[in-house]
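Novice: Pasting in a structure now, in structure tokens, and then I'll have a few things to ask.
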2 protein chains.
Amino acid sequence: MSISVNSSDQVCKTGILHVDLLPATNDAHGGVIVDMKDTMDPRDFLTLLRASISQWREEGKKGVWIKLPIELVNLVETAVKEGFRYHHAEPHYLMLVYWIPEINNTLPANASHRVGIGAIVLNDKKEMLVVQEKSGRFQGTGVWKIPTGVVDEGEDIFAAAVREVKEETGIDAEFLEILAFRQAHKAFFEKSDLFFVCILRPLSFDIQKQELEIEAAKWIPLEDFAAQPVTQKHELFKYILEFCLEKLDREYAGFSPLPITSVFDHKLSYLYLNRQDMLCLSCSDQS
Amino acid sequence: MSISVNSSDQVCKTGILHVDLLPATNDAHGGVIVDMKDTMDPRDFLTLLRASISQWREEGKKGVWIKLPIELVNLVETAVKEGFRYHHAEPHYLMLVYWIPEINNTLPANASHRVGIGAIVLNDKKEMLVVQEKSGRFQGTGVWKIPTGVVDEGEDIFAAAVREVKEETGIDAEFLEILAFRQAHKAFFEKSDLFFVCILRPLSFDIQKQELEIEAAKWIPLEDFAAQPVTQKHELFKYILEFCLEKLDREYAGFSPLPITSVFDHKLSYLYLNRQDMLCLSCSDQS
């Protein structure tokens, strides 16, 4: 028997025609993930895509994910025209998704929040570490503010606070607690923002300011921080001052991180809780 | 004088040739945002894009953002080949970005975290509201867990906790506090996860479970929750139990939300803080 096959087809020993599918792995939720790596002609991609979807539909698969590196941008239009939608993108790739079943789209939501930190660093003289920034809202205003920054992808909040203080001012510091946090919406594009106000204990005191982003950095007496008009006007500044005062009086308990391990994947994460109020944690561990 | 112009060019009264640019608005950081709405031939788009970049470069612009609705997927390849990179994507659009200056790429980071909640709802009989889910890790295991869910885009944490409890169990509840939160990395794709453990006071008691996601829902005595093997094995379950016990003894203070308004855009946001320890807030407001 002779049949015509194109280069991507194969005839197995039983004589049944096997059309190649896109290289895919199963995910944990009944879907498949296609991690495209090699360049491909859009027409070949379309052929493989249609054959693959047809096969996955028969197998009862649900979500179909295609991760396209930016180098394979020539395949994006084909996928979208076959019904794929964007799920998320990073600078170097685009993730597309297609939901096969008729009902119950249970595709996970995309990341919705950016996470930032503000670092309150107090020395023994009741002075606070403050900076003036070269860009942003307070540029050129002479306003002294606490070091702030964005938590990097995959970074812990406590680590980001220590890093930002070091980067902006050269000061080494030890993380103590999260004193409060603010959730704001439509902070950039359509996304939201979680801003964690942290308190740190300084381990060094000689300031070496960063040149690129920081105009000036210094230790400022708390009364001088309080006397800034912005501290009375801006609620977040006002609370930052109050948290400092409460902490100096040792009457305010924030959340501090406790390492916990997942029984499922053994990955380490951190649970932030009020440790001061959870004193008998070790007792209850023995119960 | 006669010069040849294409349909998108214009000659003004002074006789100087004006090439049309892409429709753009300035952003607050020295960049421009192009919000493409109408269909366009990729070749026309390329002509406009090159003329626009050239113009913006002369004007000293920095980041160039192009928001392409998924209907304009035919323009993605052109933009990428001109040097644009993906910034982020949502199901209905792709945001591309191009950094003009030679140095100091200060483009803002993309959203990095998904935010979830777990709701501890306790009644006066020291019973906890628990569910069994139809999908996910505990599907079919008989494990009773607290209601959990993902915070929707633009939704406040306290609102998400109240909504999820209502959706899954039909119970009306009042938000009290965030007792703790966990940050985990590489939770889905490359993104991170913030999971807030909240405590709520029930306002109704008759359970009406949701059919789609929930297998069963009930009020369970705390000792029965404690007796589940998973509560001893799984650290997060163990802490959830401990938070319940601490709260019943009224010795554990979490963070509760306080509305604050930005002086810049007058937008409302919420600051979560230890209200129990910040009792003299009103006094210091008068200072």
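Here, each number is a calculation from the coordinates, and none is a lab measurement. If you're wondering where the values come from, they're calculated on a predicted model, not measured in any experiment. Quick reminder, even Gly has a Cβ in these numbers, built from the backbone with ideal geometry, and neighbours come from all protein chains shown.
Novice: Lys/Arg Cβ at +1, Asp/Glu Cβ at -1, dipole of the protein assembly as shown taken about the Cα centre: which of B:ASN104, B:HIS234, B:PRO202 is farthest positive-ward?
Specialist: Of the candidates, B:ASN104 comes out farthest on the positive side.
Novice: Which Cα, out of B:PRO69, B:GLN139, B:VAL151, lies furthest along the positive dipole direction of region B:62-153 (beta carbon charges, K/R +1, D/E -1)?
Specialist: Final value for the positive-end residue is B:GLN139.
Novice: Within the P(r) computed for region A:19-155, what percentage of the Cα pairs occupies the region above 21 Å?
Specialist: Of all Cα-Cα pairs in region A:19-155, 57 percent lie more than 21 Å apart.
Novice: Per the Cauchy relation, a quarter of the hull surface: what is the mean projected area of the convex hull of the alpha carbons in region A:113-249, in nm²?
Specialist: If I average the Cα hull's projected area over directions, I get 8.0 nm².
Novice: Treat every Asp and Glu Cβ in the protein assembly as shown as -1 and every Lys and Arg Cβ as +1, leave all other atoms uncharged, and give the resulting dipole magnitude about the Cα centre to the nearest 20 debye.
Specialist: 340
Novice: Let me ask another. Counting Lys and Arg as +1 and Asp and Glu as -1, what is the net charge of the other residues whose Cβ lies under 11 Å from the Cβ of A:LEU273? Walk me through the intermediate numbers first.
Specialist: Values: positive: A:ARG275, B:ARG182; negative: A:GLU177, A:ASP277, B:GLU242, B:GLU246.
Value of the local net charge: -2.
Novice: Which distances, shortest first and in nm, link A:ARG85 to the matching position in the other copies, using label points set 7 Å out along Cα to C-beta?
Specialist: Copy-to-copy label distances at A:ARG85, shortest first: 2.8 nm.
Novice: Sort shortest first the distances from A:GLN139 to its counterpart in every other copy, using label points 7 Å along the Cα-to-beta-carbon line, and give them in nm.
Specialist: Copy-to-copy label distances for A:GLN139: 5.0 nm.
Novice: Please compute P(r) over all alpha-carbon pairs of chain A, binned at 5 Å starting from zero, and give each bin as a whole-number percent.
Specialist: 1, 4, 9, 11, 12, 10, 9, 8, 8, 8, 7, 5, 3, 2, 1, 1, 0, 0, 0
Novice: Taking θ as phi - 60°, what are the ³J(HN,Hα) couplings along region B:180-197 by the Karplus curve (6.51, -1.76, 1.60), each to the nearest whole Hz, with x for Gly and Pro?
Specialist: So the Karplus estimates, Gly and Pro as x, are 5, 8, 10, 9, 10, 10, 6, 6, 8, 6, 9, 8, 10, 9, 10, 10, 9, 8 Hz.
Novice: For each of B:ASP277, B:ASP249, count neighbouring Cβ atoms within 10 Å of the residue's Cβ, then give the residues from fewest to most.
Specialist: Arranged by neighbour count, lowest to highest, B:ASP277, B:ASP249 become B:ASP249, B:ASP277.
Novice: Next question. When Lys and Arg each count +1 and Asp and Glu each count -1, what net charge do the other residues less than 10 Å away from B:ASN110, Cβ to Cβ, add up to? Mind dumping the intermediate values first?
Specialist: Working: positive: A:ARG114, A:LYS191, B:LYS191; negative: A:GLU90, A:GLU153.
Surrounding charge for B:ASN110 is +1.
Novice: May I pose another question? Counting partner chain Cβ atoms within 10 Å of every residue's Cβ in B:131-144, what's the average?
Specialist: Other-chain Cβ atoms within 10 Å of each residue's Cβ, averaged: 1.
Novice: Still on this structure, I have one more. Round to a whole angstrom and tell me the spacing of the C-alpha centers of region A:130-169 and region A:215-242.
Specialist: 15
Novice: For chain A, give the magnitude of the charge dipole about the Cα centre (Cβ charges: +1 Lys/Arg, -1 Asp/Glu; no others), in debye to the nearest 20.
Specialist: Around 540 debye, computed over chain A.
Novice: Return the sequence-ordered ³J(HN,Hα) values of region A:90-105 in whole Hz as given by the Karplus equation 6.51 cos²θ - 1.76 cosθ + 1.60 applied to θ = phi - 60°, using x for Gly and Pro.
Specialist: Ordered by residue, 3J(HN,Hα) equals 10, x, 9, 7, 10, 9, 10, 9, 9, 9, 6, x, 5, 10, 6, 5 Hz.
Novice: While we're looking at this one, here's another question. Residue farthest toward the positive end of the dipole of the protein assembly as shown, with Cβ of Lys/Arg at +1 and Asp/Glu at -1: which of B:HIS185, A:VAL121, A:GLY83?
Specialist: About the Cα centre, the residue reaching furthest to the positive side is A:GLY83.
Novice: Using the 7 Å Cα-to-Cβ label point, sort the distances from A:VAL263 to its equivalents in the other copies shortest first and give them in nm to one decimal.
Specialist: 5.1
Novice: Sorting A:CYS198, B:CYS244 on the 10 Å Cβ count, fewest up front, what's the list?
Specialist: Details: A:CYS198 30, B:CYS244 21.
Ranking A:CYS198, B:CYS244 by Cβ neighbours within 10 Å, fewest first, gives B:CYS244, A:CYS198.
Novice: With N denoting the number of residues in the protein assembly as shown, provide Rg(C-alpha) divided by 2.2 N^0.38 Å, to two decimal places.
Specialist: For the protein assembly as shown, the normalised Cα radius of gyration is 1.12.
Novice: To the nearest 20 Debye, how big is the dipole of region A:140-287 about its Cα centre, given +1 on the beta carbon of each Lys and Arg and -1 on that of each Asp and Glu?
Specialist: The dipole of region A:140-287 has a size of about 260 debye.
Novice: Using all C-alpha to C-alpha distances in region B:92-158, build P(r) with 5 Å bins and read off the rounded percent in each one.
Specialist: Reading upward from the zero bin: 3, 11, 14, 14, 13, 11, 8, 7, 6, 6, 4, 2, 1, 0.
Novice: Count neighbours as other Cβ atoms within 10 Å of each site's Cβ, and list the GluC sites (Glu not before Pro) in region B:68-161 that are DSSP loop with at most 16 such neighbours.
Specialist: Listed in order of number, the matching sites are B:GLU82, B:GLU102.
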